[in-house]
Amino acid sequence: MKGAIIHGILLAVMLVYGYRTWTRENTAGPDIGTVVLWDKTDADLVSIEFKSDTKQVKLERRTGGETYWWGLDTTITKTPKPVPPTPPTNAGSGAGSGSAGSAAGSGAGSGSAGSAAGSGSGSGSTGSGAGSGSAGSGAGSGSAAPPPPEMVETKKTREFPLGDSGDKLVKSFTAARALRDLGKPTDEAKKDYKLTDAKSTLTVTFKDGARTFLIGGSVYGGSDRYALEQSSGKAYVLSKDLVAGLEVGESSLHLTDPRGFDVAKIESVTIDAGGQSKTAIRVQAGAEGQQVKTWGDEATKKPNQTLANFIDNANNLRPTEYAPDLKTAGLTPVVTLTYKDERGAVLGTLSLYKHIKVPAAGAEAPANPAPGETEYFIMTPRTRVAAVVRKDTAERAEQDVPTVFSDKPIDSVDPKGNPFGKVPPGALNPHGALPPGGPGSGAAPVPGPGSGAAPVPGPGSGAALPKPPVPGGAAAPAPAAPKPAATPPAPAPKPAAPAPAPVPKPAAPAPAPAPACACARCACARRACARSLSARS
């Protein structure tokens, strides 16, 4: 009993501890260490650069009206240099012509070839000589190993503005810290730290100089890295938060939200396109007690789902890459959104542009050049330059612009409603299915031109049999209204119109398509039709 009480107390303590662990706020920042490397101000920091065999990532301070940080990610690809083709060498044995004076060793009689290509026998009758010797007198018994191919480097640089993660990284390097100070390592320790063959470097440049570190391997059981400062020769353990983002590059440091402000502060959005302007404001929608915030027209103060969808979809215009050399003066404006807070202060803007990307000109211009592809760009105060966005997302935004400014927005379609739209009463048959000729047509489908056959009535329809087609003429039109057949069909129905004389005899009547029903009545109808055609022939 006493043991059970002790275990119960321990279980209660563990539950309380687990609850507090899961519910506490995660306010602790990244642990970059306490060993001081330097203490600088933000204005002293000039650039941060990471280099490896395959990548160079540089974050640099720029000034353009205001000071901001910019990133450059350069990918290095090494490929073997193309080797020019080697001209073929002369073979030792060859067939020479038997004419007089030939250098291949031919002669009037048999003899050895006069060249160093090898010995050969000549035929006096034909005058040709065939060398039977080796492929060359100067050939060695072995060949040296080929030299390693010369490598060619190809660099591709992508530029990007820094996002929140990039800004935090820059602040970490302003007053840099290390996790451990390892002092000056021995040669054996350098091997353990994987610093002997390390090729990655981290250079932090200040206004008064630079500090360069050789980046080694990871510590045992973790992701923190060994680093050797080249000027002092001292080794440190740097936090993974200082190195990992630079190793990954753009995808870890770039700007993710081009608007660059807290979306919860948006209270109104002004949409400008094609000389028109409309403002959407935050409104409440829904039943009492279940109201949610949405967007509505500023004039009516009522929820407008069209405006809400357009503004929400504009959030999907995210950059895929940046074009710093592209000027917006040569682009076609599509729409501009201006975001404001509850006091009417401008939080930021987002402008969507497009242009036709002209294909690169080849050696010869084609007779029918392919049309250029449309590219879309956005620009905001945070992007600073034109940023490429996904074409499908931008096209959807462009197509929705006329709907936003329409006085009668298109109603949403209920996915559970009637997919055929509004069908007039009586268009459906008693079984609830649509007639073959479409909603409300009430007529059977007419065969297309050139089919050569009239529709065959189904069993129990009560419709008269179609009139046989005139030889050489078109098929008879479908009857306007079906009539019940009182008696069996006549053996020879009267044709729709007299045939012109003389009537050429058809080579062979086209076989009629097999009916869907194989009942006795349909079989009788086919036999009667066959007798009618035989009688006319």
* **Filtered residues of the stretch 12-43 (kept if open to solvent by 50 Å² or more (accessible area, probe 1.4 Å) and at pLDDT 85 or above)** => 34, 36, 39, 40, 41, 42, 43
* Within the stretch 212-239, restricting attention to residues that are open to solvent by less than 10 Å² (accessible area, probe 1.4 Å) and of a type in the set (A, V, I, L, M), which residue is nearest to residue 176 (Cα to Cα)? -> 238
* **Complete set of residues in the stretch 48-74 that are small (Gly, Ala, Ser) and more than 28 Å from the chain's Cα centre (by Cα)** => 52, 64, 65
* To do: Kindly indicate the residue of the stretch 45-60 that is open to solvent by 50 Å² or more (accessible area, probe 1.4 Å) and modelled with pLDDT of 95 or more and also farthest from residue 154 (Cα to Cα) among those meeting that condition.
  => 46
* Identify the single condition in (1) under 30 Å from residue 161 (Cα atoms); (2) within 30 Å of the chain's Cα centre (by Cα); (3) open to solvent by less than 70 Å² (accessible area, probe 1.4 Å) that residue 321 does not satisfy, given that it satisfies every other one. => (3)
* Asked: Yes or no: residue 243 open to solvent by less than 40 Å² (accessible area, probe 1.4 Å) and under 23 Å from residue 343 (Cβ atoms)?
  -> no
* Structure fact -> In the set 338, 256, 294, the lone residue that is touching a residue at least 12 places away in the same chain (Cβ under 8 Å) and open to solvent by 30 Å² or more (accessible area, probe 1.4 Å) is 256
* In the stretch 171-194, how many are outside any strand (DSSP E or B) and open to solvent by 30 Å² or more (accessible area, probe 1.4 Å)? -> 12
* To do: Return yes or no: is residue 279 in contact with a Pro (Cβ under 9 Å, 6 or more places away or on another chain) and either at positive phi or in a strand (DSSP E or B) (or both)?
  => no
* Asked: Has the stretch 301-311 got at least one residue that is at pLDDT 90 or above, assigned to a helix (DSSP H, G or I) and open to solvent by 50 Å² or more (accessible area, probe 1.4 Å)?
  -> yes
* Asked: Out of curiosity, is residue 261 touching a strand residue (DSSP E or B) at 6+ places or on another chain (Cβ under 9 Å) and either among the acidic types (Asp, Glu) or open to solvent by 20 Å² or more (accessible area, probe 1.4 Å) (or both)?
  -> yes
* To do: Pick out the one residue from 348, 372 that is modelled with pLDDT under 90 and either open to solvent by less than 70 Å² (accessible area, probe 1.4 Å) or under 30 Å from residue 72 (Cα atoms) (or both).
  => 372
* What is the one condition in (1) in contact with a strand residue (DSSP E or B) (Cβ under 9 Å, 6 or more places away or on another chain); (2) without any contact (Cβ under 8 Å) to a residue 24 or more places away in the chain; (3) not in a loop (DSSP other than H, G, I, E, B) that residue 231 does not satisfy? -> (3)
* Structure fact -> Subset of the stretch 267-280, residues β-branched (Val, Ile, Thr) and surrounded by fewer than 20 Cβ atoms within 10 Å (Cβ to Cβ), comes to 270, 279
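The values are calculated or read from the model by the stated rules, or taken from the named source; none is laboratory data. Source: prediction; values computed, not measured. FYI the Cβ positions are ideal-geometry reconstructions off the backbone, even for glycines, and counts take in every protein chain you see. Side chains are part of the model used for accessible areas, which takes the heavy atoms of the whole protein and leaves out ligands, DNA and RNA. Shrake-Rupley method; radii C 1.70, N 1.55, O 1.52, S 1.80 Å.
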